[in-house]
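Worksheet for the structure shown next.
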């Protein structure tokens with residue numbers, strides 16, 4: 001390995017790690033806010049149902065959720081997404097982004 005390739009490798013590792021940390025941190029914050037909003041929504045639904053102002057059909061909710069989960073499980077993902085990402089960005093960049101994402105998600 002010559003010195004020119006080592007510089008490119010170091011640059012891609014450092015920039016990929018920093019980008020991954022930022023993405024992981026942002027994703028965790030967005031998920032946290034989304035879960036709080038969903039919790040408030042379901043608490044409001046439960047309260048309105050308890051007060052008799054709203055009637056929630058739990059059987060229909062169960063049926064819809066089962067059908068959605070089964071369609072996600074049965075879906076066939078086609079294409080070469082991972083191969084094209086690895087060939088276009090290179091293994092060091094994608095690996096450093098993945099490590100950075102994990103670090104950012106844990107610290108966020």
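We did not get these values from a lab; they are worked out from the coordinates using the rules stated. Just so you know, these numbers come straight off a predicted model, no measurement behind them. All Cβ positions, glycine included, derive from the backbone under ideal geometry; neighbour counts span all protein chains shown.
The table for this structure:
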| quantity | calculated |
| --- | --- |
| Burial ordering of 106, 53, fewest other beta-carbon atoms within 10 Å first | 53, 106 |
| Which of 101, 41 has the fewest Cβ neighbours within 10 Å, and the rest in rising order | 41, 101 |
| Shape category assigned to the range 12-73 from the gyration tensor of Cα positions, a/c cut at 1.5 | oblate |
